[in-house]
Amino acid sequence: MATGDTDVNICSTALNLLGESEISSFSDGSEIAGVCDKLYPGTKNTMLSMYPWSFATKKVQLAQLSSTPTNEWTYEYQLPPDMIMSGPQAVYNSTATGASPVATGWEILGDRLQSNETAIVIDYLFSVDEASMPPYFVQALRYAMAAHLAELVTDQIEKAELWHNRLFGVAAENGRGGYLRQAMHMDGRGQIPSRIQTFALTDVR
């Protein structure tokens with residue numbers, strides 16, 4: 001279930017965790033609001049990129065562009081504008097249900113996927129709006145922002161380390177411990193979408 005949160009609300013809760021007053025907006029004139037405004041978008045997308053979250057994964061069939069690549073590939077496809085990583089999670093050359101991803105036969109160049117395949121379907125992570133995020137991910141974002149803001153707010157690097165470890169666990173867990181492990185476990189109960197959506201950005205070749 002989505003929480004209906006906002007970016008400002010998430011940052012305000014993170015500040016509360018550090019004993020700091022809430023902000024009313026990213027432009028309320030306070031120094032900490034300006035810092036939150038700069039840090040939050042990157043923190044959000046980094047957290048989304050760390051794991052194939054079920055709520056942030058789309059499966060789409062890409063529309064073939066009318067342009068022709070100038071290299072060895074025959075066709076090119078525009079990648080979705082809301083994709084948050086430099087490449088897709090998986091690439092398929094079939095729209096059939098249960099098709100297996102292909103590891104080769106395609107290449108990412110800038111914001112386009114090039115291939116000799118006449119059909120391309122991808123799984124990718126997208127930037128979810130805060131109101132649609134599940135509670136376990138919102139909590140992880142709060143901890144992440146608390147870790148980023150702790151030294152600035154409290155002037156104690158130990159507080160930054162405390163919130164970092166609470167989120168990611170100790171170094172030996174390689175960023176997969178702490179609360180994040182719980183969040184990933186809860187997300188594992190979800191399913192990656194199997195229904196192929198269309199992404200008709202341009203004319204089909």
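Since every read-out is calculated from the coordinates, none of them should be taken as a lab result. This one's a predicted model, so the numbers in the text were calculated from it and none came from an experiment. Positions of Cβ are backbone-derived with ideal geometry, glycine not excepted, and every protein chain shown enters the neighbour counts.
What is the magnitude of the charge dipole of the chain about its Cα centre, with +1 placed on the Cβ of each Lys and Arg, -1 on the Cβ of each Asp and Glu, and no other charges, expressed in debye to the nearest 20?
Details: 13 positive and 23 negative charges, 155 e Å.
Dipole size: approximately 740 debye.
Can you work out ³J(HN,Hα) from phi for every residue in the range 18-23, in order, using Karplus 6.51 cos²θ - 1.76 cosθ + 1.60 and θ = phi - 60°, giving whole Hz and x for Gly and Pro?
My calculation for the range 18-23 gives 9, x, 9, 5, 6, 9 Hz in order.
Pull out the extension gain between SER67 and ASN174, defined as 0.36 nm times the separation in residues minus the alpha carbon to alpha carbon distance; nm, one decimal.
On the way: separation 107, 0.36 × 107 = 38.52 nm, distance 4.29 nm.
Going from the current span to full extension adds 34.2 nm.
Give the residue from SER49, TYR143, SER12 lying farthest towards the positive end of the charge dipole for the chain; charges sit on Cβ (+1 for Lys and Arg, -1 for Asp and Glu) and the dipole is referred to the Cα centre.
Towards the positive end, the residue furthest out is SER49.
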